[in-house]
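Contents: one structure, followed by commentary.
Values in this text are rule-based calculations from the coordinates and carry no lab data. Just so we're clear, the structure is a prediction, and the values are computed from it rather than from any experiment. Cβ: placed from backbone, ideal geometry, glycine included. Neighbour counts: every protein chain shown.
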Amino acid sequence: MLVKIFEIMTQPVILAKPNYSVRSVCELMERHKIHAIPVVDSGSDKIVRGIVTSADLTRFPRDDTAIEQAMSVAVKTVSADTDARHAARIMRKHRIHHLVVTDNDAVVGIVSSLDLLKLIEDYRAPG
């Protein structure tokens, strides 16, 4: 099974800016039924500065606090042509559930551990 990330990643990606409020990011996650949002540079719609997950938001009140206070800046990224096995290895090694997919430092997708589980399920499912 040689699957590339572009085959399983989610795109387009819901993005946030550093000045978005915790409240607005929570609303985005609920509306789109997602658990992670890359935070991009204020001057660009694509350069990743961080990532915020639903787990990160449990530590903050749902208020006007800037999301840059809640985001993780140690973002792990992969390119769209990365092998899914390599992406899974990165997630396991760093104990994370989301990788931001970039092309020339621009966000082009996101892949989650659930995307990788679905890949395994589809691969092993009979018929």
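Numbers at a glance
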| quantity | calculated |
| --- | --- |
| All helices (runs of 4 or more DSSP H) inside the stretch 36-127 with 1 or more residues being in contact with a Cys (Cβ under 7 Å, 6 or more places away or on another chain) and in contact (Cβ under 8 Å) with a residue 24 or more places away in the chain | 54-57 |
| Any hit, the stretch 54-65, residues being β-branched (Val, Ile, Thr) and within 15 Å of the chain's Cα centre (by Cα) | no |
| Residue, farthest from the chain's Cα centre (by Cα), within the stretch 15-35, restricted to residues that are assigned to a helix (DSSP H, G or I) and among the basic types (Lys, Arg) | Arg23 |
